[in-house]
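Contents: one structure, followed by commentary.
No lab work stands behind these numbers, since they all come straight from the coordinates. Quick caveat: nothing in here was measured; it's all calculated off a predicted structure. Glycine also receives a Cβ, built like all others from the backbone with ideal geometry; neighbour counts cover every protein chain displayed.
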Amino acid sequence: MACNESLAARTHAGHGDFMVVHRTTSDVLEQADALPFWTQDYTQLSKGEFAGAVNSVSRCGLQLFCETMNRSVDEAACAPADSYVIGLPTLVEGEASWGLLPIDARSLLTLDKNSELLFRTSTRSELAAAVIPAGCLERYAEQIEGIDLRKAIGSVKPAECMAPEISARLKAVLVEGLKRFGEDPQGEDELAWRHFEDELLATCMQTLTQGRTDGARHQEHRIHRYIVNRVREATLASPGYPPTISDLCLQLRVSRRTLNHAFMRVLGITPVAYMRNIRLHRVRAQLQGTPEQVVTIASVAGKWGFWHMSLFSRYYRELFGELPMATLNRARSVRTEGWRQ
């Protein structure tokens, strides 16, 4: 494959028949051609100027790659023949689907050998994956793990929710492999690649056999996210008089324990802290956005339910790293400078 400097592309064969590709693109059709060994048809869905990148390392039929894009794209693709694909999204901003199933940052993504991939990316996306020759992974599964790979593949959906520790391990192996062998393959010997390949195969088998969380847990997260969203709506609907925890429990028909658990699972903070942060952000937005309309900070704080000014100032400073007066003075200064110009 020839270099194309206009696309900021770099391709070379390294030591031990490594093939390394680093390529950036500004067109969705160029992006479809950027990943070596794949046959792909891309259709850009979201409007705007396209930017993408592909990093790929391959040797002896095994390929690691990372692909990024800044627009939603509908992909119909075929991997190299007789290969399995195992990977995960490392960035998902917006709705996305793999094999017609919704995905998020915790999804295990698989593609059976000789199968067509249908992939709709999110508005901003990044995907890291390994393409492994079928014979290589099947032999490893049988001889080392004592597992029938065909049964293992058949037991998982194309997109499955992974346990966090499994997701972290798979991501670390893929990212480290791309970095290590993509930057200087000439510096790596046969033994280094064999050790890495062994670690990659072991990690992939672990994700296939132990990485799934059950559907009930995934459904539980969706319920928790729904609770968080409803609390946000209730907070914004009554800015001066935020609902109490008891009010929220009655509205949502959940216990206090369930409400707290939902927030800790989804956001890692209590519902009280979350509602306070929402209101603090609204105060900050008004101080920054319309400083000329601010008569007193207390009036803005009161509009969002903060009546104790010393507590308000403390909460504000803890969250934003400055006092509300500093925010207001800076905003007024920016407006004044703008008028002078």
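Report, ordered by chain and residue number, the lysines lying within cross-link reach of Lys151, taken as a straight Cα distance under 16 Å and ignoring same-chain residues fewer than 8 apart. The qualifying lysines are Lys113. Computed over the chain with a Gaussian network model linking Cα atoms closer than 10 Å, the most mobile of Arg71, Arg265, Arg253 is Arg253. Full extension of the chain between Leu100 and Asn277 gives 60.1 nm of extra length, using 0.36 nm per residue less the Cα-Cα distance. A crude spin-label estimate for the pair His308 and Glu176, with each label 7 Å from Cα along the Cβ direction, gives 4.9 nm.
Where does region 297-341 land on the Kirkwood hydrodynamic radius, alpha-carbon pairs, in angstrom?
Numbers: mean 1/r = 0.0870 Å⁻¹.
When all Cα pairs of region 297-341 are included, the Kirkwood radius is 11.5 Å.
Geometric descriptor of the chain, per residue, is 189 Å³ (volume of the convex hull of the Cα atoms). Peptide packing for 296-303, 170-177 was compared via the average number of neighbouring C-beta atoms within 10 Å per residue; ordered from the highest value, the list is 170-177, 296-303.
Under conditions of 25 °C and 0.890 mPa s, region 137-280 yields 130 µm² s⁻¹ as its translational diffusion coefficient, taking Rh as the Kirkwood radius over Cα pairs in the Stokes-Einstein equation. Ordered from longest to shortest, the equivalent ellipsoid semi-axes for region 217-340 are 33, 14, 12 Å, each the square root of 5 times a Cα gyration tensor eigenvalue.
Over all directions, the projected convex hull of the C-alpha atoms in region 156-211 averages 4.1 nm² in area. Partner aspartates and glutamates whose Cα lies under 15 Å from the Cα of Lys157, excluding those fewer than 8 positions away in the same chain, are identified as Asp104, Asp112, Glu116, Asp214.
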